[in-house]
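Colleague: The structure follows.
Since every read-out is calculated from the coordinates, none of them should be taken as a lab result. All of these numbers come straight from a predicted model, not from anything done at the bench. A quick note on method: Cβ atoms are made from the backbone with ideal geometry, for glycine too, and the neighbour counts reach across all protein chains shown.
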Ligand SMILES: [Fe+2]
C-alpha cells in the first residue's frame with residue numbers, strides 16, 4: 001500500500017510567460033501542482049472557480065501594481081490560501097503593506113524556484129500543524145510529505161521504506177492486540193523513523209558504495225535523536241518522537257542512542273526495531289544483495305533475546321512463514337515503480 005503525499009495546488013501569476021512556465025515546471029518537480037495565470041484578471045477568475053492552497057503573484061503588471069488586486073481577491077475568495085508576492089523592485093514599504101494586507105512573504109526577483117517551493121511547503125505545513133487537532137490521515141500526509149521531500153530525495157533507495165515499515169508495524173500491532181491510538185502513533189513513527197538522517201552533517205555516505213567506516217557509523221547513529229527532535233512540534237507527535245528515538249535500541253541494551261533494554265523500550269519501539277531491520281536486509285544496495293529468506297531467518301533467530309524482544313520476534317518469524325518471500329521482494333518492486341513514475 002502506498003500513500004501518495006498530498007500535493008498542494010499553487011496558482012502562479014505573472015505576465016512573462018517563459019518565466020512562469022519554467023518556474024511552474026520547477027515547482028511541479030518540488031511536489032506542487034501548478035496552475036498558471038498571465039494576468040491579474042485571469043488569476044481572479046480562477047480564484048473564484050477553483051481551490052488553491054497557495055497563490056504566488058508578481059506585483060507589477062505593465063507598470064501598475066495590480067498584484068495587490070490578486071492579493072485582495074485571494075483574501076476574499078481563498079482565505080485559507082497563503083499568498084506570496086514577487087517583485088523586481090526592492091520597496092520595503094510595499095513589503096510592509098503587502099504583509100499587512102495578508103501576504104505571507106514578499107520576495108525580490110529573481111526568485112529561485114526551489115526556495116519558493118520550500119517557502120510554500122514550510123508555510124503550508126506550519127499552517128496545518130497550527131490547527132488544534134489533526135486527523136490520523138492528515139498526520140500521515142504531513143509526515144509522508146516531509147519524508148518524500150527530504151530523505152527520499154537524497155537517498156532514492158529509501159523510496160517506500162517508510163511505507164513498507166508502516167505496513168509491517170500495523171500487522172504486528174494487530175497481532176499483539178495493540179489499541180488503535182498507539183497503533184496509529186506507531187504507524188506515524190514508522191513513516192518518519194529515518195527522517196533525522198537529513199540533518200546529519202555529511203549526507204554523502206548515505207548513498208556510499210560500500211559499508212560505512214567506524215567514523216561514519218558513529219555519525220549515522222545520531223539520526224534517531226535528530227529525527228525525534230526535528231519532527232514538527234505537535235502534541236499528537238510526542239509519542240511518535242519517542243518511538244523514532246528508540247528504533248535502534250536493542251533488547252539486550254546494546255543499541256543506541258540511550259542503550260536502554262527490555263521493556264524500558266516501548267512496545268512500539270521494539271516492533272519498529274524488528275521490522276525496520278527486516279526491510280533494510282531486503283533492500284538491495286550497491287554493496288549488498290537482498291538476503292534470501294533462510295539467511296534472514298537465521299539472522300533473526302540468532303538475535304532472539306539479543307537485539308530483539310524474543311516474544312515479538314517469534315510473532316514476526318511466524319509472519320515471515322506466510323509473507324516472507326513477498327516482503328523480501330517488496331523493496332525492489334517499489335524501486336522499479338518509483339523509476340517508472
Ligand atoms: Fe534508522
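Colleague: Starting from the 7 Å offset along Cα-to-Cβ, what nm value, one decimal, do you get for the label separation of residue 50 and residue 9?
Modeller: Spacing of the two 7 Å Cα→Cβ label points: 0.7 nm.
Colleague: Given the C-alpha centroids of the stretch 163-177 and the stretch 316-338, what is the distance between them in whole angstrom?
Modeller: Each part's Cα centre sits 14 Å from the other's.
Colleague: Angle, helix 180-192 long axis vs. longest principal axis of the chain, Cα atoms, 0 to 90°, nearest 10?
Modeller: Long axis of 180-192 versus the principal axis of the chain: about 80 degrees.
Colleague: Here's something else I'd like to know. Where the centroid of each part is defined by its Cα atoms, how far is the stretch 194-239 from the stretch 62-90 in Å?
Modeller: If we compute the Cα centre of each part, the gap is 39 Å.
Colleague: So which residue, out of 160, 48, 67, gets the largest mean-square fluctuation from a GNM of the chain using Cα contacts under 10 Å as springs?
Modeller: Evaluated over the chain, the most mobile residue of the options is 48.
Colleague: On full extension of the chain, what length is gained from residue 288 through residue 214, given 0.36 nm per residue of separation minus the C-alpha to C-alpha distance? Could the numbers behind the result be given before it?
Modeller: Details: separation 74, 0.36 × 74 = 26.64 nm, distance 1.81 nm.
Working it through step by step, the gained length comes to 24.8 nm.
Colleague: Among 167, 100, 284, which one shows the biggest mean-square fluctuation in a GNM of the chain, springs joining Cα atoms closer than 10 Å?
Modeller: It is 100.
Colleague: Measure off 7 Å from each Cα along the Cα-to-Cβ vector at residue 16 and residue 129, then give the distance between these two points in nanometres to one decimal.
Modeller: Each label point is offset 7 Å from its Cα along the Cβ direction, giving 3.4 nm.
Colleague: Could you work out how far helix 67-77 tilts from the main Cα principal axis of the chain, as a 0 to 90 degree angle to the nearest 10?
Modeller: Helix 67-77 sits at roughly 60 degrees to that axis.
Colleague: Using a 7 Å offset from the Cα along the Cα-to-Cβ direction at both residue 122 and residue 264, what is the distance between the two label points in nm, to one decimal?
Modeller: Taking the two extended label points, one gets 3.8 nm.
Colleague: Please provide three numbers in whole Å: the alpha-carbon extents of the stretch 1-86 along the principal axes, with the largest listed first.
Modeller: Reported extents, whole Å, longest axis first: 51, 29, 18.
Colleague: Roughly what % of DSSP beta bridges within the chain run antiparallel, to the nearest 5?
Modeller: Roughly 10 percent of the beta bridges in the chain run antiparallel, per DSSP.
Colleague: To the nearest 10 degrees, how steep is helix 113-130 against the longest Cα principal axis of the chain, on a 0 to 90 scale?
Modeller: 70
Colleague: Taking only Cα atoms and a 10 Å spring cutoff, compute GNM fluctuations for the chain and point out the largest among 81, 189, 245.
Modeller: Highest fluctuation among the options: 81.
Colleague: Per Stokes-Einstein, at 20 °C and 1.002 mPa s, what whole-number D in µm² s⁻¹ belongs to the stretch 190-341, with the Kirkwood radius over Cα pairs as the hydrodynamic radius?
Modeller: For the chosen part, D equals 130 µm²/s.
Colleague: Here is a follow-up. By per-residue mean of other Cβ atoms within 10 Å, what is the highest-first order of 269-282, 101-114?
Modeller: In decreasing order of mean packing, 269-282, 101-114 become 269-282, 101-114.
Colleague: Just need the relative contact order of the chain here, percent rounded to a whole number, with Cα pairs under 8 Å and 6+ apart.
Modeller: 12
Colleague: Could you pull the Rg and Dmax for the chain, using just the Cα atoms, both in Å?
Modeller: When restricted to Cα atoms, the chain yields Rg and Dmax of 23.4, 74 Å.
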